[in-house]
Structure formats: C-alpha cells, structure tokens
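Asks: Below is the structure I would like to discuss, written out as structure tokens.
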Amino acid sequence: MSLLMVMTLSLLIYSVAQKHLREQLAIRNETLPNQINQPVTNPTMRWVFQMLEGVHVVYIAVKGQILQQITGITDIKRKILEFFYTEVQEIYHLEKV
C-alpha cells in the first residue's frame, strides 16, 4: 500500500512539473528540441530528463575545505533549468537572469 502511495505522489509531481514547463514555454513563446531536433512546445518530462543527463556535482577538497562545483551545464540545459522555479535554479547555481 505504501509503495502505491509513493508511486502516486511521484506521478503527481512528474505531472505538475510537466504542466509547469509547458506553461512556461507558452508564456515565453519558446520551444525545446525533440528527439529528432525539431522545435516543440509540449515536450514530455521523460525527454526533458534525458536532455538533462550529464549534469554532475563535483566535490573538491582544497586545503581542508570542500568546494562544490556543478559540471555539464550546456546552453540547452541552462535554458531548460531557467523555466523552473527559483529554488531549482539555486540548486544548480544559476545566476538570476
């Protein structure tokens, strides 16, 4: 029963994120590339998550201090992340545009 509740909550969050992204694309009159590199206004979150692959958090120890660096952010990944809430942008250390 609890696994069903977790799955339902996950699907709800997934759906809300997809709806928010599509609304932001419409508001800003923007598109994202689909699997064959054609511009679309209604990408699925599955495809968006695949486009975001390759973003990594790297921790570096320098003189006893741990530094955190986000790597792998390309222009398209930055564009995608800018459609989400400020909290998401802060996680990825994106400057407010």
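Asks: If I take R0 = 25 Å and measure r between the Cβ atoms of L12 and H93 in this structure, what FRET efficiency does the formula 1/(1 + (r/R0)^6) give, to the nearest 0.05?
Replies: Working from the Cβ atoms, E equals 0.35.
Asks: Next question. Along the Cα-to-C-beta direction of I27, a point sits 7 Å from the Cα; which residues of the range 77-95 have their amide N less than 17 Å from that point?
Replies: 79-90
Asks: Using a simple charge model, +1 on the beta-carbon of Lys and Arg, -1 on the beta-carbon of Asp and Glu, nothing else, what dipole does the chain show about its Cα centre, in debye to the nearest 20?
Replies: Here the chain has a charge dipole of around 60 debye.
Asks: While we're on this one: Quick check: the angle from helix 2-27's long axis to the longest principal axis of the chain, C-alpha only, nearest 10 degrees?
Replies: Result, in degrees: 80.
Asks: Counting each DSSP H run of 4 or more residues in the chain as -39500 (n - 2.57), what helix-only mean residue ellipticity at 222 nm follows after dividing by all residues, to the nearest 500 deg cm²/dmol?
Replies: After summing the helix terms and dividing by the residues of the chain, the value is -15000 deg cm²/dmol.
Readers should treat all values here as calculations from the given coordinates under stated rules, not as data from a laboratory. Because the structure is a prediction, the values reported are computed rather than measured. With ideal geometry, Cβ positions are generated from the backbone for all residues, glycine too; neighbour counts draw on all protein chains shown.
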